[in-house]
Structures are given as structure tokens and as C-alpha cells.
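Report on one structure; see the data block that follows.
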């Protein structure tokens, strides 16, 4: 049984939809897929985006993350839509969320969803016209939240940053324990009015966490340890009949396929910060091997030759020495980041269960999908893509100029003494660089 706003929905059937409206679901493009966060947020970390999903009739898809939102498409007729609209628009000029229920006769799931404008499928005089009703969860509207987020490097705490973003979106956010190895937020995380869901995901992934909104509307930044514990509980209590798929052999005790999944090391890259300011072109790399971590989930696994790249917004502080002044901090950061990345790779579930599955969303499950169509109810649990990446850009100086130190050329060489200056868009300051000699005072 399916219902929305207390109104029972009719049987969901692909063939019925085609007959009624001759409208192919494959040709519906109701939601755009953001493939880049924009230049202001690109430096903070953007998870690679899976391929676009085609609409599925009688399905509610519930993904992980702040920047993705739940989507459902359901068939209704005039008889159901009229009272649904009455409930949704009970306050004039405002669309109110309503309870959505999917029930298999033994178990049920209830969650609050928003209706978007239904698409008409048939227009036949005197007929009970059919409509395609799209439903989304509150994360759809998070994209319409904007707020200036201020960060003071070395002072603002990660929990403060989380609170600022959550306040800008208008949500309550619970946050799992954050490792001290992640230090404090660099000033780069302070942004002007920009897409807050993207920033929230970027902060979470920087800290080895994932943003999850559960079916009751609770929002939590899950760390990998809590996610592993909850995933084990979910799996052990999943007593619905298994229709297809199951756990892969990439978990502790059954990790025979892990070598084909992960590289043998993770390389974490930091920008150089010297007395003359941030130098985006200079970098310090820390390579952390899987073997060196001694993770029990990867016992006996060294990984395939290669190194996964993670870029950090933290800076390596050094001038003349090849060893940064904060080497110990950076080494600890790299170790923690590599540990969290490897542990997220152990997400093992891709399975379809009969009925409505009682599954608590956590940070290792990429998405849940609930189907009710053709008189069948089933649930799919899916892990993250194999090659999930994080896209980062180091900001490069927008402008390089030379400032004359003297308007008079050197009498011996005829050259002008000058200093290179870089404009750093992160700090909006000019940073002094190397001294150079110019043949022409107007050369730059």
C-alpha cells in the first residue's frame, strides 16, 4: 500500500503509464545534475557524481549526502490528486510537506515529502485523468538556502563551521566525533553566498564523515567508525527475504576481493605556506601505505599498485627547509585521512530485499530505494561507486605583478630592481615573492 497526505495511491505500473499517456519515463528530465560546485567551492572538495538516474515509477530513492535529495515518482488520478492538493496547499500560497507511507502488509516506512507540480498524463473529457506526481524530501529545498559563512583560520573550530552551515540551511545537525588530526578549518572554508549543501558535504568529507538525513528528518554527520557499527547492525537485523545481490567479499573476515578495490597507498597533498604567503604552485606530499596503517579490515591486503590522491586545504609551513615546521601535524593528518578513506572503501552492500526493509541510513550506504509497483514491494541497498573520487582544485594566483623597488635602474647593469607579488584569492591579499631584475620598468 502507498499513500501520500493520507490518500491511498493507485497501483503503480509502467505498462499502465505508457498506455495512458504514451509518455516515456526515459524522456523525462525533471532534475538537473550538478557536476561542478562552481569556482568558489571547487577548492574544498567535490565528490564525483554518478551517472544521471532515469525516473522510476513507484519508487522512492533516498541517497546519502546534503547535495543530493530523495526523489519519488508516483501515478495518481484526479480522484487522489484533488484531496492531496487540498492538504498540500492548506495554507494559501504555501506548499506543505505531507507524510508518505509505503507498506508491505507487515512493515512500513513513513517519511515527510514535498510534492512538486504533477505532470498531466491524459486529458480526456469526462475521464479520470492520470498524473505523474514527483515527490522530494527537504534536501531539495536546501539548495535555495544561502548564507555568508565566516571562518577565522586557527580560531574557528570544525563544530563551529558545521553550526554556521546548518544555521544557514535552517536545520539541526548532530556531529560525530572529529579526529583532532584534522586540525582546524582553514580560512578557505569561509564563503560568500553560495550553495550550502555543497559546502556541507565538502566539510564532512574533509573530516572523513558523510552527511545523512534519515527518514524522520534527523541530519547527522556520520564518521566511519559509527557507520561501520550501524552497517553491521543493519545487516544483522535485515530479516526480509533476500531477492538478489548481497554482501560483497570486501569486508573483514571475507575480504578476498579487497586487493582489486583499493590502491596500495594514499597520497595527501598540502599547499606551501611560507613567510611570503601561500604558494599554490609549491606542494608537500605525504604518501601513506595501506600496509603501514595495520587496519584489521585489510588484514593481509596490500592493495594494487597505485596511490589515491587527496588534496588538503591545510598548509605546509616552511621557507628554506625541505621539512615543514608543522611536519608532525601534517603527517598525523595524512594518516587519519588515509585511514578514513580506506575504511569507507569497505562498504559492501548491493542487495535487493523483499518488502520494506528496516534499515537505518549511515555513511557507508550510498542509497536506499523503495519500490512499490506491479503488486510487488521491495527495497534495494546500494554501496558507493567503485571509483568514487574527490575533485579538488588548488586556487592559483589570479594576478602576478612586479613592483619596482626603485624607479632608477642599477647604474652597473641598467636593470630595475623589483619584487614579484602574487594575488591570493583565498586571502584577497597580495603576497610578496622573489626579487627579480627587469630590463624595462614597464615590463610587467
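The values are calculated or read from the model by the stated rules, or taken from the named source; none is laboratory data. These figures come from a predicted structure and were not determined experimentally. Here Cβ is always computed from backbone atoms with ideal geometry, including for glycine, and neighbour counts include all displayed protein chains.
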Seminar exercise, completed: In the stretch 278-290, residues that are within 28 Å of residue 228 (Cβ to Cβ) and either modelled with pLDDT under 90 or in a strand (DSSP E or B) (or both) total 4
Exercise. How about the stretch 130-146: which of its residues are within 21 Å of residue 98 (Cβ to Cβ), modelled with pLDDT under 95 and assigned to a loop (DSSP other than H, G, I, E, B)?
Worked result: 143, 144
Problem set entry | In the stretch 90-107, residue farthest from residue 355 (Cα to Cα) [restricted to those that are in contact with a helix residue (DSSP H, G or I) (Cβ under 8 Å, 6 or more places away or on another chain) and surrounded by fewer than 17 Cβ atoms within 10 Å (Cβ to Cβ)] | 95
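Just to be sure, is residue 216 in contact with a strand residue (DSSP E or B) (Cβ under 8 Å, 6 or more places away or on another chain), farther than 13 Å from residue 344 by Cα and at pLDDT 90 or above? Break it down into steps so the answer makes sense when it comes.
Working: in contact with a strand residue (DSSP E or B) (Cβ under 8 Å, 6 or more places away or on another chain): yes; farther than 13 Å from residue 344 by Cα: yes; at pLDDT 90 or above: yes.
Against the criterion (in contact with a strand residue (DSSP E or B) (Cβ under 8 Å, 6 or more places away or on another chain), farther than 13 Å from residue 344 by Cα and at pLDDT 90 or above), residue 216 qualifies.
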Exercise. Looking at residue 397, is it modelled with pLDDT under 90, buried (at least 19 other Cβ atoms within 10 Å of the Cβ) and over 24 Å from the mean Cα position of the chain (by Cα)?
Worked result: yes
For this session: Go through (1) farther than 18 Å from residue 369 by Cβ; (2) modelled with pLDDT under 95 and name the single condition residue 98 misses.
Result: (2)
For this session: Check every one of the strands (runs of 3 or more DSSP E) wholly within the stretch 291-392 and list those with 3 or more residues that are in contact with a strand residue (DSSP E or B) (Cβ under 6 Å, 6 or more places away or on another chain) and over 30 Å from residue 72 (Cα atoms).
Result: 304-317
Exercise. Hey, among 178, 171, 149, which residue is at pLDDT 95 or above and in contact with a helix residue (DSSP H, G or I) (Cβ under 6 Å, 6 or more places away or on another chain)?
Worked result: 178
For this session: Among residues belonging to the stretch 319-335 that are at pLDDT 95 or above and surrounded by 20 or more Cβ atoms within 10 Å (Cβ to Cβ), point out the one that is farthest from the chain's Cα centre (by Cα).
Result: 330
Seminar exercise, completed: Exactly one of 188, 201 is touching a strand residue (DSSP E or B) at 6+ places or on another chain (Cβ under 8 Å), within 23 Å of residue 361 (Cβ to Cβ) and in a helix (DSSP H, G or I), and that one is 201
Exercise. Of the numbered conditions (1) crowded, with 19+ Cβ neighbours inside 10 Å; (2) assigned to a loop (DSSP other than H, G, I, E, B), residue 177 satisfies every one except a single condition; which is it?
Worked result: (1)
Exercise. Out of curiosity, is residue 130 out of contact with any helix residue (DSSP H, G or I) (no Cβ under 8 Å at 6 or more places or on another chain), touching a residue at least 12 places away in the same chain (Cβ under 8 Å), under 30 Å from residue 378 (Cα atoms) and surrounded by 12 or more Cβ atoms within 10 Å (Cβ to Cβ)?
Worked result: no
Exercise. Residues in the stretch 349-375 that are crowded, with 22+ Cβ neighbours inside 10 Å and closer than 30 Å to residue 180 by Cβ: how many?
Worked result: 5
